[in-house]
Amino acid sequence: MNKKMLVACAATIAFALPGVASAGSNDMDVIVDGHAGTETRSLAVSVADLNLASTNGMRRADSRVTRAAKQVCGFVNGSILPVTEDYRTCFGQAMDGARSDLSTLAQRQS
């Protein structure tokens with residue numbers, strides 16, 4: 001490798017590294033945590049593509065969070081039979097935490 005190629009390679013790496021660091025951390029994710037029994041599950045729900053300052057954007061974000069809360073709490077294939085108190089508690093806590101995070105993100109966008 002000659003000196004010219006080495007300088008070009010170093011410049012490419014210097015420009016690429018900031019992009020790589022920011023691509024790995026998305027601060028527009030809502031983390032949905034579900035605690036059912038002794039098991040804890042988490043999902044990251046991206047809302048980066050939504051305008052959280054709009055009613056429609058918040059409605060779509062809430063829909064994504066609701067689906068994720070059902071998933072982390074054990075709602076499988078459209079139903080959980082019977083719906084247990086453990087599931088209701090898990091779902092309620094998951095929604096409360098996620099909606100709080102969503103509200104914080106919406107305030108940042110306003």
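The values are calculated or read from the model by the stated rules, or taken from the named source; none is laboratory data. Just so you know, these numbers come straight off a predicted model, no measurement behind them. For neighbour counting, all protein chains shown are included, and Cβ atoms are generated from backbone atoms with ideal geometry for every residue, glycine included. The area values use the complete protein model at the heavy-atom level, side chains included, leaving out ligands, DNA and RNA. Shrake-Rupley method; radii C 1.70, N 1.55, O 1.52, S 1.80 Å.
Here, P(r) means the percent of Cα pairs in each 10 Å bin from 0 to the largest distance; for the stretch 27-77 it is 27, 47, 23, 4. Taking amide H as placed 1.01 Å from N in the peptide plane, the amide H of ILE31 sits under 5 Å from that of VAL45, each at least 5 places away or on another chain.
If R₀ is 35 angstrom, what is the calculated FRET efficiency for the pair THR38 and ASP101, using the beta carbon separation as r and rounding to 0.05?
Working: r = 24 Å, r/R0 = 0.69.
The calculated FRET efficiency here is 0.90.
When the solvent-accessible area of the stretch 26-110 is split by element, carbon and sulfur atoms take up 49 percent of it, the probe being 1.4 Å.
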